[in-house]
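A quick write-up on the structure given underneath.
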Amino acid sequence: GEDVKPFTPEKTKEIVMSLQQPAVFCNMVGNWPALHWNVKYLSAVLEGKTIQFRLGLKTVDLVPQFETSCSYVEATLEEFLAWSCGQPSCLSGPFSCYDYSKYWAYADYKYIARIFEDKPEIFQDVRWSDFGFPGRSGKESTLWIGSEGANTPCHLDSYGCNLVLQVQGRKRWHLFPPGDTSFLYPTRIPYEESSIFSKVNIANPDLKRFPEFRNSTVHVVTLSPGQVLLVPRHWWHYVESIDPVTVSINSWIELDADHEARVEEAITRMLVCAMKSAENPSDGDLWLNPTEVEATSHEINLQYLNEAVSAYLRCQETSVSGQARCSSTAAEQRTNASCKRKRREGGCEPEGCTSLMQECNLPTPKAEELQKIPFGPHLIQVLPQSHKTNVMGGAVAVESDSRDLLHENEGEHFGKLHCKRKRLLMSNDCETAAHQMDSDCSPCTPQTALSTNDLLDCLVNPRVISLVAQLLLERTKV
């Protein structure tokens, strides 16, 4: 018989576009063919095609494992499965140098439109139309395949909100509200457009260097197969695979607020590239995330800024005049929410970005116009772990499964591996990578203690950039 959903597409979209806290949708994807996308199935579909895996150490340091401190290998999913199962056949393969007991592997940010470009029929296995976004399929989605321990450092996405379908295995999500930004010590080094990273290793926070982290409020959920997590705009998140093999599919939903965010990102790019490119490369500071490939020139960055401002103003005009759509430009395509991590593997296809730009002026329902959010067995709140982050023995003590939440709310987480690891970020005390100073040394003079990264952490702080963007946009209206 027909698969009956607990919410209509219209109601689901209303929830997605209005809800300002994370929540888990249940019983919404039971008839999606994508639910069968386990690694064994995907391996057969890819027919020996290799994809890039990021490898990190399972040991938990006080410093986050950013992508600049990981190694990368090209491997087939069959080789990945053999490695994750400990089979001897992988001893001579691409994972041969990496002991499964010591390393995790992550094929992250894989654009389905790209890795399955020769099998476009598979795009229809993903049906975001059930969430109120007709025409959105696997073509506008991203695939994630990881081993136990594979994780993404804590960050927030500058653009859009996020819908995440768990297909195989479980992932644990640690989420923090936008209001906790200052407690998470935001940084743009390593730099990547659309991602603001936290200096704090959520799995093992250094409370001596980051004491304000104690004031943060963590929301934790363990996402299981068949469930869809909504990550609202600007919510921080640290994600870790907790089963031997995990598969997830996500899609970033663009929002009206992204137009101003593009201006902020263009300003940030100009400042970071200008200051970091001026430094001596021999300093060894791995400031550019691998997803960015290379630093763009000042001329190109200025062009992006002007195009972002022009696009913002055009969309403001169309909003005022009542038009429902805005035009798409090359700059808009480049920074589209669905094209996050666009440079990984050469970037995503422009036409995939263009289709999403049609949603740039989706109306955001006013609070008084919305019915009460229908929390219950089909829509589960991701609740705070406690009023404040619970820290025990230096690690965040969290364990919350969405299946358990269902009962609680009835009715409602190494330079390259062959290189010395480098600390990319400078602390707020006198410890620096350049001088190898001890953290409890006597006060240092600013001339020796402060670095470009310290200045950038202040200069491109989200609050500062937001103010600069507002001033810049006011200037363009004069």
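The values are calculated or read from the model by the stated rules, or taken from the named source; none is laboratory data. What you see is a predicted model; the values in this text were computed from it and never measured. No Cβ is skipped: glycine too gets one built from the backbone with ideal geometry, and neighbour counts run over all protein chains shown. The protein model used for the area step is the full one, side chains on, heavy atoms only, and it has no ligands, DNA or RNA in it. Shrake-Rupley method; radii C 1.70, N 1.55, O 1.52, S 1.80 Å.
Just a few scattered comments:
- Subset tally (residues that are of a type in the set (Val, Ile, Thr) and crowded, with 18+ Cβ neighbours inside 10 Å) for segment 266-318: 5
- Pair list, Cβ under 6 Å, 6 or more apart: segment 91-108 residue on the phi < 0 side of the Ramachandran plot, other residue hydrophobic (A, V, I, L, M, F, W, C) and open to solvent by 10 Å² or more (accessible area, probe 1.4 Å): Pro94/Val73; Asp108/Trp144
- Note on segment 1-60: among residues that are among the basic types (Lys, Arg) and within 30 Å of Asn201 (Cβ to Cβ), the one that is most open to solvent (accessible area, probe 1.4 Å) is Lys58.
- Enumeration of residues in segment 462-478 that are open to solvent by 90 Å² or more (accessible area, probe 1.4 Å) and under 24 Å from the mean Cα position of the chain (by Cα): Arg463, Leu467
- Scope segment 197-231; condition farther than 16 Å from Leu184 by Cβ and either within 13 Å of the chain's Cα centre (by Cα) or surrounded by 20 or more Cβ atoms within 10 Å (Cβ to Cβ) (or both); matching residues: Val221, Thr222, Leu223, Gln227, Val228, Leu229, Leu230
- Members of segment 80-129 found to be of a type outside the set (A, V, I, L, M, F, W, C), open to solvent by 30 Å² or more (accessible area, probe 1.4 Å) and not in a loop (DSSP other than H, G, I, E, B), listed by number: Pro88, Ser89, Ser92, Tyr103, Arg114, Pro120, Glu121, Gln124, Ser129
- Counting the residues of segment 441-461 that are modelled with pLDDT of 90 or more and either open to solvent by less than 40 Å² (accessible area, probe 1.4 Å) or in contact with a Pro (Cβ under 6 Å, 6 or more places away or on another chain) (or both) gives 8.
- Selection over segment 135-162 of residues that are among the hydroxyl-bearing types (Ser, Thr, Tyr) and over 12 Å from Tyr109 (Cβ atoms) gives a count of 4.
- Verdict on Ile300 being in the same structural domain as Leu473 (by the TED database), farther than 21 Å from Gly160 by Cβ and modelled with pLDDT of 95 or more: yes
- Cβ-Cβ contacts under 6 Å between residues 6 or more apart (or on different chains), taken from a first residue in segment 64-78 that is farther than 11 Å from Gly93 by Cα to a second residue that is open to solvent by 10 Å² or more (accessible area, probe 1.4 Å) and hydroxyl-bearing (Ser, Thr, Tyr), are listed as Leu77/Ser43.
- Lone qualifier among Ser194, Ser248 - being closer than 15 Å to Lys171 by Cβ and either among the charged types (D, E, K, R) or open to solvent by less than 10 Å² (accessible area, probe 1.4 Å) (or both): Ser248
- Count - residues of segment 163-191 that are among the polar types (S, T, N, Q), in a strand (DSSP E or B) and open to solvent by 10 Å² or more (accessible area, probe 1.4 Å): 1
- Top-ranked residue of segment 130-160 - restricted to ones that are outside any helix (DSSP H, G or I) and among the acidic types (Asp, Glu), ranked as surrounded by the most Cβ atoms within 10 Å (Cβ to Cβ): Asp157
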